[in-house]
Amino acid sequence: MGIIIFQYILLVLLIVGIAYFMYLIREKEEQIKDDYYGITYNLLTFLDDDESTVENVKKVLRTVRECVNFVEENFKNESNIEKEEKAISISKEAIENLNFNREIDDESLICIIRLATAFMKPTNENL
């Protein structure tokens with residue numbers, strides 16, 4: 001008789017544990033948004049919750065892409081490190097003009113710049 005009661009108590013605890021686990025997993029009061037494969041969550045952490053809209057993410061990505069294209073077109077003969085530094089400074093200034101509450105950190109900007117250059121057409125004929 002004691003074993004059956006013990007099994008019922010374990011069953012109730014298991015159900016309560018599963019319910020609590022489901023409670024923890026569920027996203028409370030957060031809307032699922034288009035995250036562009038984690039770019040918003042991982043790289044654009046400088047955006048506040050009200051700023052992390054699809055339109056603002058597109059603005060940032062397009063701005064960085066335009067800056068990278070500008071650097072690639074105008075500084076073809078320089079090394080990649082120098083071009084990356086120029087792209088960082090130009091992109092940072094352009095993103096500041098978008099008037100967000102906080103500035104983008106350098107690591108995130110470098111990752112976005114490298115993604116933008118990866119999607120460009122290769123300029124080296126050997127590739």
>> Residue under question is L47, and the condition is that it be assigned to a helix (DSSP H, G or I) and either out of contact with any Asp or Glu (no Cβ under 6 Å at 6 or more places or on another chain) or buried (at least 17 other Cβ atoms within 10 Å of the Cβ) (or both); does it hold?
In response: no
> Does at least one position in the range 90-110 carry a residue that is assigned to a loop (DSSP other than H, G, I, E, B), loosely packed, with under 10 Cβ neighbours inside 10 Å, at pLDDT 90 or above and of a type outside the set (S, T, Y)?
Replying inline: yes
>> For the condition more than 12 Å from the chain's Cα centre (by Cα), part of a helix (DSSP H, G or I), over 17 Å from P122 (Cα atoms) and at pLDDT 85 or above, what is the one hit in E66, E73, E85?
In response: E85
> Taking the condition modelled with pLDDT of 80 or more and within 14 Å of the chain's Cα centre (by Cα), does D35 pass?
Replying inline: no
>> Every residue in the range 50-63 that is part of a helix (DSSP H, G or I) and of a type in the set (S, T, Y), please.
In response: T63
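The values are calculated or read from the model by the stated rules, or taken from the named source; none is laboratory data. Just so it is clear, the structure is predicted and the values come from calculations on it, not from any experiment. Ideal geometry is used to build each Cβ from the backbone, glycine not excepted, and the neighbour counts take in all protein chains shown.
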